[in-house]
Each structure stands twice: as C-alpha cells, then as structure tokens.
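The structure appears right after this line, and notes come after that.
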Amino acid sequence: MESMDRFRRHIPELYCQVVLDQDIAMVENALGGVIGAVGEANSALSSMASGTGGAGGVGDVIRQALKGVKPEDLQCTDVADNIQTGLSKIGVDGEWVKVVFSEAGGEEVARFDTVSGRLFTVNGTHWGTMTGGKVYCPLTGETGAELEPWLEMLGVPGDPGANWYPIAF
C-alpha cells in the first residue's frame, strides 16, 4: 500500500514530464521540417549559382552572355545587359555595377586592369553585373569576382577620379 501512495504522489510530476516530452517532440519535429526546407532551398540556390541546376541556372546565363566575348573587345555594356536579361528571365535578382573613371578636369580616360594589364575601357566607364555576391564582366569571365577584389582589379581604390555605383534591376 505504501508503494501505491508514493506512486500517486508522483502522478502530477509524471504527467508534467509526459506533456513536456510531447511538446519537445512537436517542436523538434517542426524544427526538423524547417531545417530540411532551408537545406533544400540552399542546395537549390547553390545549384542555380553554379549552373549545375540544369538548363537555365545562373551559371548558364553567365556562360551564354560571355560566349565569344574577349576582354579586349570592350563589350562590357552588352555583357551586362545580356546577363541582366538572362537573370530576369529566370527570376533572379541582381544589380549592375557602374564604374566611372575621370581625370581631375572631368575628362574620361582609358584604363588597364591591375592584374593582367588588359585595356578594359577607352571611355572611362566599365560595367559589371552582380548577383549571388559576385560581379561578372568580360574581365572576370564565368568565375566572377567578389566586389572588392573586382574593384581592386579595376584600380578603383586609390584613384581619386574613380567612383562606382550599384544600380538595381
């Protein structure tokens, strides 16, 4: 009889523990679903960015826009427009990045990249397209470059006549 009394005294504690265990299981189940959905979305975005997600991924858009273009062709505006058009068709946001170089008197000048010495502008303007944290232009090719290294390659830091502007599309 004494063991039955001890059991009855612990019933409220046991009930609370069961309810708590059920609540924890429900929260874990809900979080598992959310974590799974986030993982799937992240995987899909990675596939799109790399172009491995089948036809129509960001990588495919970049490759198509740069197809046959050489940096010395000075076609940065056309490439930026083609990338923007392709990204818009697949529902991916991005922005153009316009870099403008000018001399003290406001005169536009030619510029050469700091890595290979290639001429990339004769009118003092260069365009890139940024999406997924990278800027793409004829100089970067399909691999693109993060914004700061891209600006460094163009010689923007340290050039008092250089300015850059992001323009959403």
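What follows draws every value from the coordinates through simple rules; no lab data is involved. Just so we're clear, the structure is a prediction, and the values are computed from it rather than from any experiment. Here the Cβ is made from the backbone with ideal geometry for all residues, glycine too, and neighbour counts use every protein chain on show.
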(Q) At R0 = 41 Å, how high is the FRET efficiency between LYS70 and ASP93 if r is their beta carbon distance? Nearest 0.05 is fine. (A) 0.90
Q: Please work out how much length the chain gains when fully extended from VAL122 to THR77, using 0.36 nm per residue of separation minus the C-alpha to C-alpha distance, in nm with one decimal.
A: 14.9 nm
**Q.** Cut-off under 5 Å, modelled amide H: who pairs with ALA162 long-range
**A.** SER102
Q | Low-density loop positions, trypsin sites (Lys or Arg not before Pro), the range 79-160 - DSSP coil, at most 10 other Cβ in 10 Å | A | none
